[in-house]
Structures are given as structure tokens and as C-alpha cells.
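The values are calculated or read from the model by the stated rules, or taken from the named source; none is laboratory data. All figures in this text were calculated on a predicted structure; none of them were measured in a lab. No Cβ is skipped: glycine too gets one built from the backbone with ideal geometry, and neighbour counts run over all protein chains shown.
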Amino acid sequence: MSPSLPASTMPPQFTANKYAGAATSLAYDAGPNNGPPVVFLHGLGTRRQDWTAVLREFASGNRVFAPDLRGHGDSGRVPGGYRFTQYADDIIPFLREVVGEPAALVGHSLGGVIAAVIAADHPELVATAVAVDPPLFTKRHAGGENPTRYRERFKRAQELAASDMTEIGLFTMLQKRSPNRPAYVTRALARNLVKLDPDVFTLALEGGKQLDFDTDDLVERLARPMLLIQADPENGSAVKEEDAVWAAEKNPLISRLMVAGSAHEVHHSHRDEFVKAVRKFISVDAENG
């Protein structure tokens, strides 16, 4: 669960909206129509505000969208409906009915898997895709589960989200646990938890069952250029180097970038490098497309 960066409001000229999907409603922020669309998809346990600090960098030359995924933030909850393809099932009609033209998809972690699924299954809706340290390859390894460090984090978050604690109570407790953490980070974590359906973690804690497709097949079918951004393996990357190499060799549409020194939340730990790489990738591939 990555925190939002310090920002109490959405960027200027952005509007908060609701999309009534077939399974549930999605809350989303949208920027002014300043160019080709870019849709930002957050990670497991966070909210659309996780992207606030980078949205301004894209809004000047693009039309930016940032939805809350089902079960997160201000979007509706769908108990028992948190497989990766079910998240994608919400975003596909959102792209058709709200965005209205092929978009660049930029997804972190869970959001990166969703971006890859849509780029493979519905290339007509996608211009390019960026998957930021996605848990896309877990089933290629023995056990096929999330690493222990992620499982422990998910279990703690699920317990807190399921508690009766208020946002203020969560903030106070988290601040006492980590007194050196900036207050704005703790505040964002508390808000994420109080707005979260605890069930979003259930399948991840049951052996990674949320990944409900064959990764080899998905990578082979990927039909739009995709940039695979890896966190530094020394800092707990969700993507192994061998998997990134394998994917790029299997499908020439996949490029890869390892950001040295970065954490899993690359867009926070190495914000400027992230913005530069993504802007270059989506603009160059849009021109080539």
C-alpha cells in the first residue's frame, strides 16, 4: 500500500466524477482536454489520489483520468469480485464510454496488471501501456504466491481496514507505530484504509488467486507497446529480472526499464525519473502509432 503524496485537493482544473458501471460505480478525477488521454490506475490498497503529485506533469499536454478501482476509495464495493480480470471489466467500458478514444494506460502494481490485460484483450482501446512493477509473473514460479513481505503487509492492512477504527483513530495509531514517518504519509494511509473494502486482499492472501489468467498467453497476445518499469531488486521489486528479460524477448512490443535505487512505488521514490520515462514513452509510441 503506497501513500499519496502531500496534496489535500486534486490538481487545479480537475473535476471529481462518478461513472455508473454494470457491476459498480467508479469515482474518478478528470483533467482538462489538453491532448491525448492518459488513464492512471492505482495499486492494491490505495486510491486515485496516489497519483496526485504526477498528474500535473501530464495534464498540460494530455487529458488525464484517474479512477478509483472497485473496492477502493470512493468507488463501489464488490465482495468476492476482486480478481484481476474483474478489475479490468470495470475499466474496459470506462475507456469506451468516458474516455472515448484509445488511451495510454499507466498502472502501478495491480493497476499495471490491469493495463496489461486490457492491452492484450482490447487493443482497440489502448494506445500504449505502462506497467509499473506489476505482480504479473508470480505464477511462473514455484508456489505462485506473493512474496512473504507483501503477504504480511496485506494481512496487516486487511485487519486494519476491517476494524471499527475511525480515520483519526487509524492516523493516531499509525503515527505512534512510525513516529518518524511524515504526518502527510500517515494521513494518506489512514484515509486509504478507512475507504477500503478489506476483501480486496483476500485472494492475494490465498496464494495469489487474483491472477486469473495465463501470463505466458497474455504476454504473447499483448498487441500494444508496453513499458515494463521495474523497481530495484535490492528494494523488493515485484518483478524479477529474469521475468522482465523473458517478457521482452517473448514479445518485441515490450520494453523494460529498471529504475536503480527505487522502491516498489517508483512514482513516489523516483518521481522525476518516472515522469520523464513515461512521458517519453507515451509520446514517442503515439507518434509511431
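Is at least one residue of the range 259-271 assigned to a helix (DSSP H, G or I) and over 20 Å from the mean Cα position of the chain (by Cα)? Within the range 259-271, not a single residue is assigned to a helix (DSSP H, G or I) and over 20 Å from the mean Cα position of the chain (by Cα).
Tell me, which residue of the range 131-148 that is among the β-branched types (Val, Ile, Thr) and at pLDDT below 90 is nearest to the chain's Cα centre (by Cα)? Steps first, please.
In the first step, residues of the range 131-148 are kept if they are among the β-branched types (Val, Ile, Thr); the result is 132, 138, 148.
Right, trim to at pLDDT below 90 and you get 138, 148.
Details: THR138: 17, THR148: 20 Å.
Only one residue tops the list, namely THR138.
Scanning the range 10-46 for residues that are farther than 24 Å from THR128 by Cβ and crowded, with 24+ Cβ neighbours inside 10 Å yields a count of 1. Scanning the range 233-262 for residues that are more than 26 Å from ALA223 (Cα to Cα) and surrounded by 17 or more Cβ atoms within 10 Å (Cβ to Cβ) gives a single hit, SER262.
Does the range 105-128 include one or more residues that are in contact with a helix residue (DSSP H, G or I) (Cβ under 8 Å, 6 or more places away or on another chain), of a type in the set (S, T, N, Q) and crowded, with 24+ Cβ neighbours inside 10 Å? Taking every residue of the range 105-128 in turn, at least one turns out to be in contact with a helix residue (DSSP H, G or I) (Cβ under 8 Å, 6 or more places away or on another chain), of a type in the set (S, T, N, Q) and crowded, with 24+ Cβ neighbours inside 10 Å. The residue that is surrounded by the most Cβ atoms within 10 Å (Cβ to Cβ), among those in the range 173-204 that are touching a helix residue (DSSP H, G or I) at 6+ places or on another chain (Cβ under 9 Å) and outside any helix (DSSP H, G or I), is LEU196. Remark: pairs (first residue in the range 51-71, assigned to a helix (DSSP H, G or I); second residue β-branched (Val, Ile, Thr); Cβ separation under 7 Å; 6+ apart in sequence or on different chains) = VAL54/VAL275; LEU55/VAL64; GLU57/VAL275; PHE58/VAL38; PHE58/VAL64.
Scanning the range 149-166 for residues that are part of a helix (DSSP H, G or I) and among the charged types (D, E, K, R), which turns out modelled with the lowest pLDDT? Residue satisfying both the conditions and the ranking: ARG149.
Do we find a residue being farther than 22 Å from PRO67 by Cβ, out of contact with any Pro (no Cβ under 8 Å at 6 or more places or on another chain) and modelled with pLDDT under 95 anywhere in the range 188-202? Walk me through it before giving the result.
To start, the set of residues in the range 188-202 that are farther than 22 Å from PRO67 by Cβ comprises none.
No: zero hits.
For PHE213, the criteria (1) part of a loop (DSSP other than H, G, I, E, B); (2) surrounded by fewer than 16 Cβ atoms within 10 Å (Cβ to Cβ) hold in every case but one, which is (2). For the range 72-87, check the following and say yes or no: at least one residue is outside any helix (DSSP H, G or I), in contact with a strand residue (DSSP E or B) (Cβ under 8 Å, 6 or more places away or on another chain), at pLDDT 95 or above and surrounded by 24 or more Cβ atoms within 10 Å (Cβ to Cβ). Among the residues of the range 72-87, at least one is outside any helix (DSSP H, G or I), in contact with a strand residue (DSSP E or B) (Cβ under 8 Å, 6 or more places away or on another chain), at pLDDT 95 or above and surrounded by 24 or more Cβ atoms within 10 Å (Cβ to Cβ), which makes the answer yes. Being within 20 Å of GLY31 (Cβ to Cβ), at pLDDT 95 or above and in a helix (DSSP H, G or I) is not true of VAL113.
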